[in-house]
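Data block below; observations after.
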Amino acid sequence: MYSDYIVGEPIADTKAPDGPIEGRWEARRFGVKLVNPANKRKLTIIVVGTGLAGASAAASLAELGYRVKSFCYQDSPRRAHSIAAQGGINAAKNYRNDGDSVHRLFYDTVKGGDFRARESNVHRLAEISVQIIDQCVAQGVPFAREYGGLLDNRSFGGTQVSRTFYAKGQTGQQLLLGAYQALQRQVDAGGVEMFARHEMLELIVADGRARGIVVRDMVTGEIETHLGDAVVLATGGYGNVFYLSTNAKGCNVTASWRAHRKGAYFANPCYTQIHPTCIPVSGDHQSKLTLMSESLRNDGRVWVPKAKGDTRAPADIPEDERDYFLERRYPSFGNLVPRDIASRAAKTVCDEGRGVGPGGLGVFLDFADAIQRMGRAAVAAKYGNLFQMYQRITGEDPYEVPMRIYPAVHYTMGGLWVDYDLQSTIPGLFVVGEANFSDHGANRLGASALMQGLADGYFILPVTIGDYLARGVPPMANDHPAVREAVTSVQERINKLLSINGSRTVDSFHRELGRLMWDECGMERTEAGLRKALERIPELRQEFWENVKVPGSADTLNQSLEKAGRVADFLELAELMCLDALHRAESCGGHFRAESQTPDGEALRDDENFSYVAAWEFTGTGQPPVLHKEPLVFEYVHPSQRSYA
Amino acid sequence: MRLTLKVWRQSGPDDAGRLVTYQVDDASEDMSFLELIDVLNERLILDGEEPVAFDHDCREGICGACSMVINGEPHGPQKATTTCQLHLRHFRDGETITVEPFRAGAFPVVRDLVVDRSAFDRVIAAGGYITAPTGTAPEAHSVPVPKPQADRAFAAATCIGCGACVAACPNGSASLFLGAKITHLGELPQGQPERYSRVLSMVEQHDAEGFGGCTNTGECAVACPKEIPLDVISQLNRDYLAAKTSKRKAGAAPAKS
Amino acid sequence: MVTLGQRATKPTARVRVTSLQLKLIMAVSGAILIAFLIVHMLGNLKLFFGATAIDEYSAWLRTAGEPAVPAGTLLWVTRIVLLAAVIGHIWSAAVLTGRAHRARPVRYVHRRPVNGSYAARTMRWGGVIIALFVIYHLLDLTTGTLNPHGVHGEVAANLIADFAPERWYVTLFYALAVIALAFHVRHGVWSALQTIGRSSAATQATLKGVALVFAVLLAVGFLSVPFAVMTGLVS
């Protein structure tokens, strides 16, 4: 279709067993080869990242007896960005007796992912969801409880059953602390060797297997190699390619991208989730976007002025001059339409020039009606902490003035391609959590990210990685040419970054890239826009390598250098994202392609041509990549068009 | 707005360090304090100077990475707010603001405003957990937890491990951090079997890291961005006393290797 | 180099008393001293019942316990207990202060505002002032060395001589010491309750109030005697 890539051989997930879907995970667990307990302590597993997936994996692997080396760029493993997840974690416990089941969670997730996820994986996720809650409660995660002492649930993200477990608005924090404490227990017991403030800069692939990583000690600048029998990446998503996102400032794609360059396929890179209720940008100085819980849409009404460029204070705009656009366009769901639809509708009205606040990038989320209906006290009881947070950031009182919200990049469904065993296309390289592409298809449901991260780390990886290790990993010399090559390339790259001494800062490149990606590869994409981005990105990348200014030296804490390495990789990833978005000429999930819509402007999925996972193979920077398609088969949940009108 | 910043600059652990004065003329009151440092850093880089190193990550008040002392107060003057969520509208135009790293013997300065808080990780490693290896958990509803206990455990568990309590304490004590974890796990039925061994090991590690003793000045609870209450320290004392005097102690404290 | 992630090597050879144990010693010894202060103050108030009342009380203190034990036994037992408490209190305070200085080796350039209480921040200097006062006080009214009257057993006369109007500076010094003591006791009582573990979120305000009222009563009780003497209320 396009000339900028090559279509290669299709790819298949060879590890997922056949048979009835309910029995596949059971079958796989029986099918794996086991590692003799006595041999486990001779095997070293490298785990990069200490979020939900990484910390739970490292702790669980150490509990099994493996020698684990765990790495994170933060000063403590407890700071990984899973900590910021607010809403909750789904589990098919059916504690509410409201008709929930493993099958329903499976069904909702496949449907929510707009039929772009693997059925086998999603079913396994739904099965494991119940064990996760048990595990976390046993660890002392203080979930919300009812007066009877049993766990409370809420409904979340448009589902019709209450299956979300939560700890106020800090569920991610509490789950991560549970995993972190399990990890620290293993650190103390000697099962895990922890390397905080160490950033992975290269993957070592020797004789076709992932055998180690090259890291930089971010305090001393020392370049170290760590070798092992398998490598696990739990390095999160790449939403920061957009510069402004709800991700932590340090979140980056470097570990995944380095693995991609070494042969791991990157799947569905263009699948990005945009969250509708974030606090809008207030100026050029903006460094990140803050998410507010989606639950606000339960009682707030979204509107903009009917007239363009109306700058009156919201209270001065009479009722008949307001456009409650979600209620107007989607009468049955109103303000509660799914994330992607709410986000896109907000963008549409802002593009029409009807946005509010600085720069016209915002819509009102108005609680006046709710305050009148329920009373101020009831609104405060329900949303008090969110209102407080909003006021802290904007200086405006949402009890008096409507909130302003705007969509922001929140999560990336795409990631490194993995099979049912969570193994990438490089043998011995496993990828867990947001870093892999696996379970959310083209759109992630609310409260599912925490579930997936913990399912991968606690329950799936510890079983499947054993199968790889049990089959034997040949011994390798510490001075294998692949090791030397990896170290040299890292050092050369650092020296290059420090020696350019140009006239633009790393952040200025990152901002420009982010703006370009947001405009052309964000909520709504067009062929023309994507082609424009595909032209501009290589230019920007070239300018970066000629004109970036990175002060300081390599042998000390150098935050500019850290950022420069990350942005350099974003500049390569961005191109692949745009290419993936361009080739996928359909609208699906969080990805709206302007050329593929129904007559009334809704997303139009194209199952005939695009019911596959796009797994990209790297061939060289700026070189056309190879597309491997993994066809998706739906035996249990039959594809249907979503409708929220 | 115009602000004068006096920022602690220290090139490494062995450098003596000093305050350096910078002028920022193009600050906006909608900026967060960290965005102010971003603006300063962009200018420093273009002027060929090294930017100010500081810890930060989530910038939404939950990761606990940001760690500066602003005008003598950890995380600055606004109550219950981390530095990343502190906005410049809380300062006056033309104000001079002093920015220093967290000061504590157990938190050595790495560079500029960055300190090493790994002592906290080691205090947790010493016993700040419930031993529940993956796969061993009973059904979640098998042990009900009374709501008041669950709520108190949660309130204590919201500690973000930033270290402001230590930075604020004239004794450099981490008792609030320690008490928060002791209270979180000690309130839950799941935390009971290790309750005594936990407090003994964690207190021992706390002291071994060089944190000072608590004299109940109450500075920590005021500085805490998550408003962890002072009574967690009381809980810590109570559990410690019980552990020291209890017959269960001998059996409950496994030898640490 | 900064080592991250590994557990600090514990000081193995030295048997160390944890800071929490030291705090407990502070609390228990402080409680003993406060019990003494209450009894002492009540004894002082006997002056208001006449010179004979306080002199007889003073004599009784020496003979209490007779004839079960020889005269002076209970007095000396009490003195030994008090001395032990004072030593324990000062020793713990000294060790804790040393640790606090090591735990906070570098001061902030910008002085921190006091967000807790001033009473809490003045415990150490307050303690030193009180210790100096106690030495003077013993020389003045126990041994009589520094007392202008200084006759053993004539408590009332000693007091009246001591706090005579022309010796206003003695009264002033005494008053300052008692106020320092009240500050010390106010934070000390609350802190001891916190340390021994009887403070919770719900009771904290009450406990602080109790500590304050107690400190004020103690100060008023102790100050009433010299002021009564100085103003001629008692003569």
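Every read-out reported here was derived from the displayed coordinates using simple, explicitly stated rules and does not represent laboratory data. As the structure is a computational prediction, the values presented were derived from the model and not from experiment. Don't worry about glycine lacking a Cβ; one is built from the backbone with ideal geometry, like all the others, and counts go over all protein chains shown.
Using the Cα atoms of chain C, I'd like the radius of gyration and the largest Cα-Cα distance, Dmax, both in angstrom.
21.4, 73
Please report, in whole Å³, the volume per residue of the convex hull around the C-alpha atoms of the range B:128-214.
109 Å³
Any idea what % of Cα-Cα pairs in the range A:597-645 are farther than 15 Å?
So the portion of pairs separated by more than 15 Å is 63 percent.
What's the angle, to the nearest 10 degrees (0 to 90), between helix C:73-103's Cα axis and the longest principal axis of chain C?
That works out to roughly 30 degrees.
Report, by chain and number, residues whose modeled amide H sits under 5 Å from the one on residue A:278, excluding near sequence neighbours (fewer than 5 apart, same chain).
A:292, A:406, A:408
I need two numbers for the protein assembly as shown: Rg to one decimal and Dmax as a whole number, Cα atoms only, in Å.
33.2, 115
Against the longest principal axis of chain B, how steep is helix B:175-187, in degrees 0 to 90 to the nearest 10, with axes from Cα atoms?
Compared with the principal axis, the helix lies near 40 degrees.
Using the beta-carbon distance between residue A:14 and residue A:103 and R0 = 25 Å, what value does 1/(1 + (r/R0)^6) give for FRET efficiency, to the nearest 0.05?
That gives a FRET efficiency of 0.45.
For the range A:450-586, what D do you get in µm² per second when you plug the Kirkwood radius from alpha-carbon pairs into Stokes-Einstein at 37 °C and 0.692 mPa s? Show your work: numbers first, answer last.
Working: Rh = 18.2 Å.
Approximately 180 µm²/s, per Stokes-Einstein.
Arrange A:341, A:132, A:317 by Cβ neighbour counts within 10 Å, fewest through most, would you? Could you put the intermediate results ahead of the total?
Details: A:341 22, A:132 28, A:317 18.
By the 10 Å Cβ count, ascending: A:317, A:341, A:132.
For the pair residue C:52 and residue A:220, what calculated FRET efficiency results from E = 1/(1 + (r/R0)^6), where r is the Cβ-Cβ distance and R0 = 60 Å, to the nearest 0.05?
0.15
Could you give me the ³J(HN,Hα) list for the range A:254-260, computed from phi with Karplus coefficients 6.51, -1.76, 1.60 and θ = phi - 60°, whole Hz, x at Gly and Pro?
Result, rounded to whole Hz: 3, 4, 5, 5, 4, 5, 4.
Given N residues in the range A:1-46, what is Rg(Cα) / (2.2 N^0.38 Å)?
It is 1.95.
Neighbouring Cβ atoms within 10 Å as the yardstick, rank A:257, C:91, C:125 fewest first.
With the fewest neighbours first, A:257, C:91, C:125 line up as C:125, C:91, A:257.
Of A:418, A:385, A:431, which is farthest on the positive side of the dipole of the range A:351-436, counting Cα position, with +1 on Lys and Arg Cβ, -1 on Asp and Glu Cβ, and the Cα centre as origin?
A:385
Pop a pseudo-label 7 angstrom from the Cα along the beta-carbon direction at both residue C:111 and residue C:157 and give the gap in nm to one decimal.
Label at residue C:111, label at residue C:157, 5.0 nm between them.
How many percent of DSSP beta bridges within the protein assembly as shown run antiparallel, rounded to 5? It would help to have the intermediate numbers written out before the result.
Details: 59 of 87 bridges.
Beta bridges within the protein assembly as shown, antiparallel portion: roughly 70 percent.
What does the highest-first list of A:368-380, A:393-405 look like by mean Cβ count within 10 Å?
A:393-405, A:368-380
Of the beta bridges DSSP finds with both residues in chain A, what % are antiparallel, to the nearest 5?
Details: 44 of 68 bridges.
Of the beta bridges lying entirely in chain A, close to 65 percent run antiparallel.
Using helices alone, what [θ] at 222 nm do you get for chain A, with -39,500 (n - 2.57) per DSSP H run of 4 or more residues, divided over all residues and rounded to the nearest 500?
Calculated from helices alone, the mean residue ellipticity at 222 nm is -11500 deg cm²/dmol.
With θ set to phi - 60°, apply the Karplus curve 6.51 cos²θ - 1.76 cosθ + 1.60 along the range A:577-591 and write out the HN-Hα couplings as whole Hz, x wherever there is a Gly or Pro.
Once rounded to whole Hz, the list reads 4, 5, 5, 4, 5, 5, 6, 7, 7, 9, 9, 7, x, x, 10.
Using modelled amide H (1.01 Å from N, peptide plane; none on Pro or chain starts), what sits under 5 Å from the amide H of residue A:592, excluding residues fewer than 5 places away?
Distant-sequence amide H within range of residue A:592: A:525.
Amide H of residue A:211: which non-local residues (sequence gap of 5 or more, or other chain) have their own amide H closer than 5 Å, using H built in the peptide plane?
The list, which skips near neighbours in sequence, is A:204, A:205, A:206.
Write down the Kirkwood hydrodynamic radius of chain B, to one decimal in angstroms, obtained as one divided by the mean of 1/r over all alpha carbon pairs.
One over the average 1/r among Cα pairs gives 19.7 Å for chain B.
Given charges of +1 on the Cβ of Lys and Arg and -1 on the Cβ of Asp and Glu, with all other atoms neutral, how large is the dipole of the range A:275-409 about its Cα centre, in debye to the nearest 20?
Dipole of the range A:275-409, to the nearest 20 debye: 340 debye.
Take the cross-link list A:249/A:347; A:347/A:532; A:496/A:549; A:111/A:382; A:15/A:69; A:69/A:496 and give me the ones stretching past 22 Å between alpha-carbons.
Values: A:249/A:347 24 Å; A:347/A:532 20 Å; A:496/A:549 11 Å; A:111/A:382 30 Å; A:15/A:69 27 Å; A:69/A:496 29 Å.
In this structure, A:249/A:347; A:111/A:382; A:15/A:69; A:69/A:496 lie more than 22 Å apart at Cα.
Sort A:5, A:180, A:612 so the one with the fewest other Cβ atoms within 10 Å of its own Cβ comes first.
If I rank by nearby Cβ atoms, fewest first, I get A:612, A:5, A:180.
Among the listed pairs A:40/A:629; A:288/A:563; A:168/A:563, which have their C-alpha atoms separated by more than 25 angstrom in this model?
Working: A:40/A:629 36 Å; A:288/A:563 15 Å; A:168/A:563 33 Å.
Going by Cα-Cα distance, A:40/A:629; A:168/A:563 fall outside the 25 Å limit.
Given 4 °C and 1.567 mPa s, compute D for the range A:275-409 with the Stokes-Einstein relation, Rh being the Kirkwood radius over Cα pairs; round to the nearest whole µm²/s.
87 µm²/s
Quick one: how many lysine pairs in chain B have C-alpha atoms under 23 angstrom apart, if they're 8 or more apart or on different chains?
For chain B, qualifying lysine pairs total 11.
Could you give log10 I(q)/I(0) at q = 0.15, 0.18 Å⁻¹ for the range B:1-123, computed by the Debye formula over C-alpha point scatterers of equal weight, without solvent?
Results for the range B:1-123 at q = 0.15, 0.18 Å⁻¹ read -0.66, -0.96.
Counting partner chain Cβ atoms within 10 Å of every residue's Cβ in B:200-208, what's the average?
Mean inter-chain Cβ contacts per residue within 10 Å come to 4.
Just need the relative contact order of the range B:3-111 here, percent rounded to a whole number, with Cα pairs under 8 Å and 6+ apart.
Normalised by residue count, the contact order of the range B:3-111 is 33 percent.
Quick one: Karplus J couplings for the range A:453-459, per residue in order, coefficients 6.51, -1.76, 1.60, θ = phi - 60°, nearest Hz, x for Gly and Pro?
x, 6, 4, 4, x, 7, 10
Taking the 0 to 90 degree range and rounding to the nearest ten, how far is the long axis of helix A:506-521 tilted relative to the main principal axis of chain A, both from C-alpha atoms?
Taking the Cα atoms of chain A, the angle to A:506-521 is about 60 degrees.
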